[in-house]
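The values are calculated or read from the model by the stated rules, or taken from the named source; none is laboratory data. No experiment lies behind these values; they were computed from the predicted model shown. Counting neighbours? That spans all protein chains shown, and the Cβs are built from the backbone with ideal geometry, glycine included. Ligands, DNA and RNA are excluded from the accessible area calculation, which covers all protein heavy atoms including side chains. Shrake-Rupley method; radii C 1.70, N 1.55, O 1.52, S 1.80 Å.
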Amino acid sequence: MNIWILFIIFSGLMSNVYLVEAAQPVDLRILVDTSGSMRRTDPFNLRVPALRLVVGLLPQGSKAGVYTFDQKVVNIVPVGPVNSAWQFKARRGIEQINSRGLFTDIGAALENVIVDWNEPTKDWQRKILLMTDGMVDISKNPAVNAAARERVINNTLPKVSAANAVIYTIALSEEADHDLLRKFSRETSGWYEQAADSQLLQRLFLKIFNQAVQRETLPLKDNRFVVDDSVKELTLVVFKKSAANPTTIIDPEGKQYTKDNISAKGRWASEHDYDMITLEKPIAGSWQVQADTDPDNQVMIVTDVNLDIDPIPSHALVGEHIDLMTRLLENGKIINDRNFLELLNFSITRITNNDEHELRPLHD
């Protein structure tokens with residue numbers, strides 16, 4: 001069965017912009033397995049750079065917290081509003097992640113992150129990102145573990161659903177309880193992914209992040225992208241195949257930026273497998289990235305102009321009819337100026353799991 005990935009694009013006075021669901025700000029709780037089996041499934045502790053990527057991409061105005069779990073649950077990064085101070089604390093906090101736990105108490109982990117989610121809310125999009133390589137494991141007695149698993153399904157999962165929270169899951173092992181993790185995501189309209197090995201963690205965390213948080217992005221083609229005057233900030237995620245080919249950014253005036261000279265323009269975080277570059281008030285025009293071309297490279301932006309989309313289901317049956325209700329916003333207010341709207345073109349791109357692209361126009 002083909003999987004559809006939908007990008008809604010508007011163009012005209014501005015450069016093409018991929019826009020996604022805006023709605024309320026996100027309240028994201030991240031749960032990371034630190035049981036002893038992670039020494040085998042994540043021997044280089046790649047959970048840390050993967051989380052640094054997520055922390056760096058979280059938009060201002062959201063809130064988030066990070067928890068580790070094994071036989072106990074530890075809130076290593078307290079839930080708080082995302083700003084530069086929170087991100088600094090988060091980068092330090094996630095350095096505590098290890099693989100020294102004895103058990104894998106998934107139920108306790110979920111109960112801990114929803115403790116303040118007693119009732120549904122219209123103020124926040126509640127999201128949980130859960131990464132584990134195992135199953136519900138709180139005892140050496142299989143019967144005790146089976147009973148704990150049933151409690152998670154019959155007691156904890158309904159609480160998550162009642163709080164209007166969505167669970168996104170990453171399984172980092174063939175031995176993980178895939179049925180349970182799929183159930184979490186399916187019953188809360190979330191998403192499930194399996195990582196063949198820990199080397200894929202950073203890409204999968206980014207993929208899940210895009211599902212959960214959904215920031216505006218610019219199309220990146222042949223390592224080039226176009227910025228217009230409405231963009232206040234942009235963040236580039238560039239995956240690297242080799243440290244021998246350092247990333248370089250070239251602005252529309254031909255100036256080149258690397259991690260050694262970016263300080264005057266923004267921030268550059270360099271990991272073994274990726275660079276994350278944030279630029280404040282980028283100048284309008286055509287930009288170029290000198291790096292390996294990679295389908296997971298992205299350009300995320302902060303802009304006053306947004307396309308607000310009603311929630312799109314994460315799962316749909318073949319042939320099911322889905323209505324897309326959208327509104328173009330400027331500074332949070334709907335744009336009704338017909339003269340302006342007539343200058344814009346709207347289209348939707350369908351991308352199948354065979355990487356086939358089909359462009360369709362949208363009409364009011």
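The table that follows gives values for the structure above.
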| read-out | value |
| --- | --- |
| Computed E for residue 154/residue 358 - FRET, C-beta separation, R0 51 angstrom, nearest 0.05 | 0.75 |
| Carbon and sulfur %, accessible surface of region 198-287 computed with the full protein complex present, 1.4 Å | 47 percent |
| Calculated on alpha-carbon atoms, Rg and Dmax of region 189-245 in Å | 14.5, 42 |
| At q = 0.10, 0.13, 0.15 Å⁻¹, base-10 log of I(q)/I(0) for the chain (Debye sum, equal scatterers on each alpha carbon) | -0.66, -1.11, -1.44 |
| Extension gain, residue 140 back to residue 164 (0.36 nm per residue minus Cα-Cα distance, nm) | 5.3 nm |
| Spin-label model distance (nm) - residue 255 vs residue 316, 7 Å beyond Cα toward Cβ | 4.4 nm |
| Taking the convex hull of Cα positions in region 232-364, its mean projected area over all directions (nm²) | 11.3 nm² |
| Rh (Kirkwood; distinct C-alpha pairs) - region 168-262, Å | 16.5 Å |
| Residue-span extension gain [residue 264 to residue 60] - 0.36 nm each, minus C-alpha spacing | 71.3 nm |
| Region 30-134: proportion of alpha-carbon pairs further apart than 15 angstrom, % | 61 percent |
| Fraction of beta bridges assigned by DSSP in the chain that are antiparallel (%, nearest 5) | 70 percent |
| Charge dipole (debye, nearest 20) of the chain; +1 at Cβ of Lys and Arg, -1 at Cβ of Asp and Glu | 940 debye |
| Dimensionless Rg/Rh of region 99-211 - Kirkwood Rh, Rg from C-alpha atoms | 0.96 |
| Mean projection area, nm², convex hull over Cα of region 91-144 | 5.8 nm² |
| Between region 41-105 and region 227-295, the Cα center-to-center distance that results, in Å | 25 Å |
| Using a Förster distance of 35 Å, the FRET efficiency for residue 329-residue 85 (Cβ separation, nearest 0.05) | 0.80 |
| Residue-by-residue Karplus 3J(HN,Hα) for region 32-45, coefficients 6.51, -1.76, 1.60, Hz, glycine and proline x | 10, 5, 10, 6, x, 5, 5, 4, 8, 7, 9, x, 9, 6 |
| Along the chain, longest interval not containing exposed trypsin sites (Lys or Arg not before Pro), exposed being DSSP loop plus at most 14 other Cβ atoms within 10 Å | 256-364 |
| Average Cα contact separation per residue, the chain, under 8 Å, 6 or more apart, as relative contact order % | 20 percent |
| Too-long pairs where the Cα-Cα distance tops 29 Å, listed order kept, from 89/333; 122/183; 240/333 | 89/333; 240/333 |
| FRET efficiency, 1/(1 + (r/R0)^6) with R0 25 Å, evaluated for residue 293 and residue 197 via beta carbons | 0.60 |
| Computed helical MRE - 222 nm, the chain, DSSP H runs ≥ 4 contributing -39500 (n - 2.57), nearest 500 | -5500 deg cm²/dmol |
